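The structure under discussion appears below in the form of structure tokens.
The values are calculated or read from the model by the stated rules, or taken from the named source; none is laboratory data. Computed from a predicted structure; not experimentally measured. Don't worry about glycine lacking a Cβ; one is built from the backbone with ideal geometry, like all the others, and counts go over all protein chains shown. Side chains are part of the model used for accessible areas, which takes the heavy atoms of the whole protein and leaves out ligands, DNA and RNA. Shrake-Rupley method; radii C 1.70, N 1.55, O 1.52, S 1.80 Å.
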Amino acid sequence: MQLEDKFGRRFYYLRLSITDVCNFKCEYCLPDGYESDGDRHFLTVPEIRQIAQSFSNLGTSKIRITGGEPSLRKDLPQIIETCANTPGIEHVAITTNGYKLPEHIDSWVDAGLNSMNVSIDSLDPRLFNSITGHDRLNVILKGIDRALALGIKVKVNAVLMRQFNHGELDNFLNWLKTTPVTLRMIELMQTGDNNAFFDKNHVSGEPIKQQLLESGWIPKIREKTAGPAQEFYHPDYKGSIGLIMPYSKDFCSSCNRLRITAKGKLHLCLFADQGLDIRHIIQQQDNELLENELVALLGDKEATHWLHDGITGATKHLAMLGG
Ligand code: SAM
Ligand code: SF4
């Protein structure tokens with residue numbers, strides 16, 4: 001059995017959220033900070049082992065650990081190790097806001113981490129502070145240097161926002177001249193909670209793409225299994241750039257990922273109408289049972305999201321799912 005949907009898309013990539021708690025207050029995500037619904041009963045290590053095993057048996061080879069802020073879990077190294085030690089899982093990644101990164105990165109790499117995405121929406125420390133509520137840009141940049149020294153791949157996620165970082169492309173480009181990371185510029189997505197912010201701040205990535213092409217950036221050939229980012233490189237730069245434009249035509253046709261929330265719900269799309277509760281099945285620790293359920297549920301995956309019509313499904317903010 002394989003995870004393949006009725007449109008022929010294969011799901012070799014799982015985004016696994018391990019907590020929905022976050023300590024940052026990103027303007028587009030949790031502007032008022034994290035609010036608990038009282039239930040902090042997140043997936044345990046044995047549950048994560050079962051999920052990794054079953055997904056791997058169904059052809060998944062990459063797991064991204066996300067949140068909320070995954071580094072707030074004290075057992076994160078053990079979670080990384082559990083995923084990395086699962087036969088068939090070839091790549092373990094994390095998406096983090098990088099808070100305390102210099103303190104943590106060695107233990108994550110020791111546990112088997114292969115790559116890391118760090119969110120940095122501005123390289124101006126004051127602007128970074130006003131977007132996230134934390135004056136920590138320099139600490140995070142130090143953590144990135146350490147990650148590169150340890151030899152893991154680093155991507156930096158920056159969400160494009162008209163009122164904040166829209167004029168910052170040159171700043172980022174200067175940094176990429178000497179820094180071997182991939183900068184991923186992500187178009188702001190509408191979610192249930194950010195309608196007014198979205199209306200004021202959404203900008204298309206298309207003009208940036210044109211600007212890059214005009215200044216000698218070259219599109220990378222897309223591999224068959226590549227995700228939805230359009231990537232560019234430039235011979236004069238150590239870093240590269242990826243553009244993620246969820247509002248562009250055919251964005252969903254290359255979808256290769258499924259999501260599980262920190263409380264054990266399967267989301268077939270970032271903007272699905274509901275999460276499908278599979279925790280009781282995960283807890284039975286029975287490979288075949290879970291695998292049959294996953295394959296059956298995948299039958300309902302739709303061809304595209306409905307974001308163009310302002311339909312954001314059950315997704316109030318991306319901290320509840322992990323982006
Ligand atoms: N806390 C971690 C972090 O910020 O990297 C992981 C979770 S966060 C939800 C994952 C990614 O989603 C981050 O790169 C964040 O910038 C991005 N994100 C959150 N809300 C978004 C939105 N409305 N539109 C586009 N990207 C968003
Ligand atoms: Fe937290 Fe990440 Fe959301 Fe920022 S984007 S509030 S760091 S979950």
Review point. Can you tell me which residues in segment 31-73 are within 16 Å of ligand 2 (Cβ to nearest atom) and either in contact with a Leu (Cβ under 9 Å, 6 or more places away or on another chain) or on the phi > 0 side of the Ramachandran plot (or both)?
Key: Gly33, Arg64, Ile65, Thr66, Gly68, Pro70, Ser71
**Study point:** Residue in segment 308-315 that is of a type in the set (A, V, I, L, M), within 16 Å of ligand 1 (Cβ to nearest atom) and under 28 Å from Arg40 (Cβ atoms) present
**Key:** yes
**Study point:** Lone qualifier among Phe128, Phe172 - being in a helix (DSSP H, G or I), among the aromatic types (Phe, Trp, Tyr), open to solvent by less than 10 Å² (accessible area, probe 1.4 Å) and touching a helix residue (DSSP H, G or I) at 6+ places or on another chain (Cβ under 8 Å)
**Key:** Phe128
Check your understanding: In the list Ala229, Ala314, which residue meets the criterion of being aliphatic (A, V, I, L, M), more than 29 Å from Leu213 (Cβ to Cβ) and within 20 Å of the chain's Cα centre (by Cα)?
Key -> Ala314
Review point. Of all residues in segment 104-134 being within 14 Å of ligand 2 (Cβ to nearest atom) and hydroxyl-bearing (Ser, Thr, Tyr), which is farthest from the chain's Cα centre (by Cα)?
Key: Ser130
Review point. Pick from segment 256-268 the residues that are in contact (Cβ under 8 Å) with a residue 40 or more places away in the chain and touching a helix residue (DSSP H, G or I) at 6+ places or on another chain (Cβ under 8 Å): which of them is most open to solvent (accessible area, probe 1.4 Å)?
Key: Lys263
Practice item. Check every one of the helices (runs of 4 or more DSSP H) wholly within segment 1-113 and list those with 2 or more residues that are surrounded by fewer than 23 Cβ atoms within 10 Å (Cβ to Cβ) and within 13 Å of ligand 1 (Cβ to nearest atom). Key: none
Check your understanding: Among the residues of segment 135-144, is any among the polar types (S, T, N, Q), within 14 Å of ligand 2 (Cβ to nearest atom) and outside any loop (DSSP other than H, G, I, E, B)?
Key -> no
Review point. So, in segment 269-323, of the ones that are assigned to a helix (DSSP H, G or I), within 16 Å of ligand 2 (Cβ to nearest atom) and open to solvent by 30 Å² or more (accessible area, probe 1.4 Å), which residue ends up nearest to Gln190 (Cα to Cα)?
Key: Leu318
Check your understanding: In segment 272-287, is there at least one residue being under 20 Å from the mean Cα position of the chain (by Cα) and within 23 Å of Glu27 (Cα to Cα)?
Key -> yes
